[in-house]
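The values are calculated or read from the model by the stated rules, or taken from the named source; none is laboratory data. Everything numeric here is computed off the predicted structure, so don't read it as measured data. When we count neighbours, we look across all protein chains shown, and the Cβ atoms used for this are built from the backbone with ideal geometry, even at glycine.
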Amino acid sequence: MTTDQPGFDPAEILGEITAATEHLLRTAEQLTDAEVRAPSLLPDWSRGHLLSHLARNADGGRRLLTWARTGVETPEYPSLAARAREIEAGADRSAAELLADVRDSAAAFEAEYRSMPPEAWHRTVRWTAGQEHPAARAADSRLCEVLFHHADLDAGYAPSDWPSNFVASLLARVVTSFNGRDDAPAVRLLATDTGADYTVGGGEQLAPTVRGTQHALLAWLVGRSSGADLTVDDAGALPTPPFLF
């Protein structure tokens, strides 16, 4: 997903990140020690893994912003393997320790975010996997991480709870991303609640039409739903979208 487009508003995105984080923290506050050890919706990860990941993600995003602000190379993580070890090492902590880590790391991310001068958002930094993007990508990435993984906790928050403006914006960008790939199925998407109309891959007349709310369409495209709440014209089979994130 790209955020290096005209109109990027750091204050607006920060407001969305803050609201999403506060909602996530309210959910995490209700989890017991036994509940944080229970499975999340992500394969092989407990809720503790997810909360540990969210804290380390905030640390990594903060380091990328520091890099952009100071010009001193500050890697997101030492390596992908080190990132995985940090998540695993923190996964079995108590619910209170995990909550404090998510809260404190989010606060540190926000403090660094607020220190960014306007020009720093356009400076290129490098993610651990090697992608290079303007630092503005770290803002959009953090918002996605918090909202997606809140739903992945399987603790009462679902894709249907994602903010509507986030869903509308991200759905359009996911379609754009899929249209740049060779493995995306040809499909027409019709949002039954907003009338938004998108075509992925191939000619519109050849593509099956999938209908559902914008929330349902996005959740399916990003692997957070089986698509059971979607319909395909002529009762055809629902295509399988490729992995995105």
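General remarks:
- In this entry, Arg37 is excluded by the filter for residues that are out of contact with any strand residue (DSSP E or B) (no Cβ under 6 Å at 6 or more places or on another chain) and in contact (Cβ under 8 Å) with a residue 40 or more places away in the chain.
- Residue match in segment 52-65 (condition: more than 13 Å from Phe109 (Cβ to Cβ) and under 16 Å from the mean Cα position of the chain (by Cα)): yes
- Count of residues meeting criterion [aliphatic (A, V, I, L, M) and not in a helix (DSSP H, G or I)] in segment 139-154: 1
- Matching residues, segment 16-60, being assigned to a loop (DSSP other than H, G, I, E, B) and among the basic types (Lys, Arg): Arg37
So that you can scan it fast, the table gives a plain yes or no per residue for (1) in the same structural domain as Leu24 (by TED's automatic domain parsing); (2) within 21 Å of the chain's Cα centre (by Cα); (3) not charged (D, E, K, R):
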{"position": "Tyr113", "(1), (2), (3)": "yes, yes, yes"}
{"position": "Phe178", "(1), (2), (3)": "no, yes, yes"}
{"position": "Val210", "(1), (2), (3)": "no, no, yes"}
{"position": "Ala219", "(1), (2), (3)": "no, yes, yes"}
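Let's see how each residue does on (1) within 19 Å of Leu153 (Cβ to Cβ); (2) over 20 Å from the mean Cα position of the chain (by Cα):
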| site | (1), (2) |
| --- | --- |
| Ala96 | yes, yes |
| Ser105 | yes, no |
| Ala108 | no, no |
| Arg123 | no, yes |
| Asp140 | no, no |
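- Complete set of residues in segment 61-99 that are hydroxyl-bearing (Ser, Thr, Tyr) and either in contact (Cβ under 8 Å) with a residue 40 or more places away in the chain or assigned to a loop (DSSP other than H, G, I, E, B) (or both): Thr66, Thr74, Tyr77, Ser79, Ser94
- A single member of Leu217, Leu238, Leu190 is closer than 29 Å to Glu145 by Cβ and either in contact (Cβ under 8 Å) with a residue 40 or more places away in the chain or exposed (fewer than 13 other Cβ atoms within 10 Å of the Cβ) (or both), and it is Leu217.
- Of all the residues in segment 1-54, those that are loosely packed, with under 15 Cβ neighbours inside 10 Å, modelled with pLDDT under 95 and among the hydroxyl-bearing types (Ser, Thr, Tyr) number 1.
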